[in-house]
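The values are calculated or read from the model by the stated rules, or taken from the named source; none is laboratory data. Remember, predicted model here, so these are calculated numbers, not experimental data. Counting neighbours? That spans all protein chains shown, and the Cβs are built from the backbone with ideal geometry, glycine included. For accessibility, only protein heavy atoms count, side chains too; no ligands or nucleic acids. Shrake-Rupley method; radii C 1.70, N 1.55, O 1.52, S 1.80 Å.
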Amino acid sequence: MKAYVVGGAVRDELLGLSLKDRDYVVVGATPEEMVRRGFKPVGKDFPVFLHPQTKEEYALARTERKSGRGYKGFTVHAAPDVTLEDDLRRRDLTINAMAKDLDSGVLIDPFHGKQDLEKKILRHVSEAFAEDPVRILRVARFAARFGFRVASETTALMKKMVQSGEADYLVPERVWQEFARGLAEPHPERMFEVLEACNLADKLLDGLKPVPLLLSLSAKAGASVPVRFAVIAWPHKEVEVEAVCARLKAPNEVRELALLACRNRVALRAAPQATAAALLELFKRTDALRRPERFRELLEVARLANPNIDTQRVRKAFLAAAAVDAGAIAAQAASPAEIARLVDEARMRAIERA
């Protein structure tokens, strides 16, 4: 029985990045032996155990055989005779198929991942890559994280996967999970380039494409995932954005901000010349006074999507309108019908002063 550090922890250590957590593979053990040594079983689909002291995950070395469509269509084989190289061979990319001997610290790299890391290349380990369509999204995400290029043979294989229909079995929730992680990375525009190169972009995003420079600027500004997605959605039609959000099962906060950006981009573009009445109408339409944080995100989207928009002017007007004491006005109004008009008038005067 022998344990190795594997995958992302080995890769990130070679890159000089800080390690968040480590994954371990155990070779030459049975589930019963792991339990005898105090490890707690937690894996549902294959044998994974928590270390009794550190609570880190240790998985038994395993192989996988394709038995159906999609990323769940696998039969897993974990046994003492499965070697470390067998386990590494089933992994997606060479840079993720390295291991480190826990005792000696020696790097085990049967598929030349270190070399690809130095050359900044994302390359599949074996033809088994084609059995799991989620791996296309993972390649795109790693391109967004590291800015690496994809090996030509890997791009060709991913194209075949899309053409064969294997990518049609992608589960929307899993797509969004990988897509959102890619959007959050330092080079999100690279994710779209990879998806475009293998012809998966149109299937998933139906023409919803970013302006690479604007998406890159959004990442450099440290914008959140909902803001980055809304920057992509900004120039597109509302119906297109709605369809993509439904297909990807995007969370409500992502969908709402993206649709808000589409619906109000004309009004936001006109903001530098807008009257107090027009600005108040914008605040009402976006529910800004009840949801100020979301409105601040909308202004961030506008600023990133179109640097010519005077969001500072809109922000000043919004703060002035929000400062009006609607409760005091309501208390003095002669009738309920008067309240809305008096509050609107007070807010417009406040906006004009601001």
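What's the whole-number percent of alpha carbon pairs in the stretch 1-143 lying beyond 24 angstrom? Mind showing how you got there, number by number?
On the way: 3163 of 10153 pairs.
Value for the stretch 1-143 (Cα pairs over 24 Å): 31 percent.
In a GNM of the chain with a 10 Å cut-off on Cα contacts, which of 321, 250, 144 has the highest mean-square fluctuation?
321
What number does the stretch 140-211 give for Rg over Rh if you use C-alpha atoms and the Kirkwood radius? Walk me through the numbers before you get to the answer.
Values: Rg = 11.6 Å, Rh = 12.4 Å.
Value, to two decimals: 0.94.
At q = 0.12, 0.18 Å⁻¹, what is the log10 ratio I(q)/I(0) for the stretch 237-354, with the Debye formula run over Cα points and no solvent?
Rounded to two decimals, the profile gives -0.49, -0.92.
Can you give me the angle between helix 252-269 and the longest principal axis of the chain, using Cα atoms only, in degrees from 0 to 90, rounded to the nearest 10?
The angle comes out near 40 degrees.
Count neighbours as other Cβ atoms within 10 Å of each site's Cβ, and list the trypsin sites (Lys or Arg not before Pro) in the stretch 261-290 that are DSSP loop with at most 15 such neighbours. Walk me through the numbers on the way to the answer.
Working: sites: 263, 265, 269, 284, 285, 290; in loops: 290.
The qualifying sites are 290.
Run the simple label-point estimate for residue 35 and residue 77 please: 7 Å along Cα→C-beta, distance reported in nm.
2.4
Within 10 Å, Cβ to Cβ, of residue 294, how many net charges do the neighbouring residues add up to if Lys/Arg are +1 and Asp/Glu are -1?
Values: positive: 290, 291, 296; negative: 253, 256, 287, 293, 297.
For residues surrounding residue 294, the net value is -2.
Below 8 Å, C-alpha to C-alpha, sequence gap of six or more: please give me the relative contact order for the chain in percent. If you can, show how the numbers build up before the last one.
Numbers: 560 pairs, mean separation 34.3, N = 354.
Reported as a whole number, the value is 10 percent.
How much accessible surface area, in Å² rounded to 10, belongs to the heavy atoms of residue 108 with a 1.4 Å probe?
50
Quick one: compute the contact order of the stretch 113-165, relative version, from alpha carbon pairs under 8 angstrom and 6+ residues apart, as a percent.
On the way: 31 pairs, mean separation 22.6, N = 53.
RCO, the stretch 113-165: 43 percent.
Would any residue of the stretch 179-199 have its amide N under 20 Å from a label point 7 Å out along Cα→Cβ of residue 152? List them or say none.
Backbone N within reach: 193-199.
Measuring with a 1.4 Å probe in the full set of protein chains, what accessible area per residue, in whole Å², belongs to the chain? All intermediate terms of the calculation are to be shown ahead of the outcome.
On the way: 17300 Å² over 354 residues.
Accessible surface, normalised per residue, equals 49 Å².
Could you bin all the Cα-Cα distances of the chain into 10 Å bins starting at 0 and give me the percent of pairs in each, rounded to whole numbers?
5, 20, 24, 20, 14, 9, 6, 2, 0
Could you please state how large a percent of the accessible area of the chain is carbon and sulfur, counting protein chains only and using a 1.4 Å probe? Don't skip to the answer; put the middle values down first.
Numbers: 8640 of 17300 Å².
Here carbon and sulfur together make up 50 percent of the probe-accessible area.
Would you calculate the separation in nanometres between label points at residue 220 and residue 243, each defined as 7 Å from the Cα along the Cα-to-beta-carbon direction?
Each label point lies 7 Å from its Cα, and together they span 3.3 nm.
Can you compute the helix-only [θ] at 222 nm over the chain? Use -39500 (n - 2.57) per DSSP H run of at least 4 residues, normalise by all residues, nearest 500 deg cm²/dmol.
On the way: 18 runs with 188 residues, N = 354.
My calculation for the chain gives -16000 deg cm²/dmol from helical runs alone.
Relative to the longest principal axis of the C-alpha atoms of the chain, give the angle of the C-alpha long axis of helix 238-248, reported between 0 and 90° and rounded to the nearest 10°.
Tilt relative to the chain: about 30 degrees.
Size of the dipole of the chain about the Cα centre, Lys and Arg at +1 and Asp and Glu at -1 on the beta carbon, nothing else charged, in debye to 20? Write down the numbers at each step before the final one.
Values: 57 positive and 50 negative charges, 158 e Å.
Magnitude of the dipole: close to 760 debye.
Run the quick spin-label model on residue 277 and residue 173: label points 7 Å from Cα toward the beta carbon, then report their separation in nm to one decimal.
The answer from the label model is 5.0 nm.
Would you kindly find the accessible area of residue 175, with a 1.4 Å probe and non-protein molecules such as ligands, DNA and RNA excluded, rounding to the nearest 10 Å²?
10
When Lys and Arg each count +1 and Asp and Glu each count -1, what net charge do the other residues less than 15 Å away from residue 285, Cβ to Cβ, add up to? Write out the running numbers ahead of the final one.
Working: positive: 263, 265, 269, 284, 290, 291, 294, 347; negative: 238, 256, 281, 287, 344.
With Lys, Arg at +1 and Asp, Glu at -1, the neighbours total +3.
Normalising by the residue count of the stretch 53-170, find the relative contact order in percent from Cα pairs under 8 Å and 6+ residues apart.
Numbers: 157 pairs, mean separation 26.9, N = 118.
Here the relative contact order equals 23 percent.
To the nearest 20 Debye, how big is the dipole of the stretch 201-323 about its Cα centre, given +1 on the beta carbon of each Lys and Arg and -1 on that of each Asp and Glu? Walk me through the intermediate numbers first.
Working: 21 positive and 13 negative charges, 38 e Å.
Dipole size: approximately 180 debye.
Of the DSSP beta bridges with both residues in the chain, give the percent that are antiparallel, rounding to the nearest 5.
On the way: 21 of 27 bridges.
Of the beta bridges lying entirely in the chain, close to 80 percent run antiparallel.
Please compute the net charge surrounding residue 59, taking Lys and Arg as +1 and Asp and Glu as -1 over other residues with Cβ under 9 Å from its Cβ.
Values: positive: 62; negative: 23, 57, 87.
Net charge in that neighbourhood comes out at -2.
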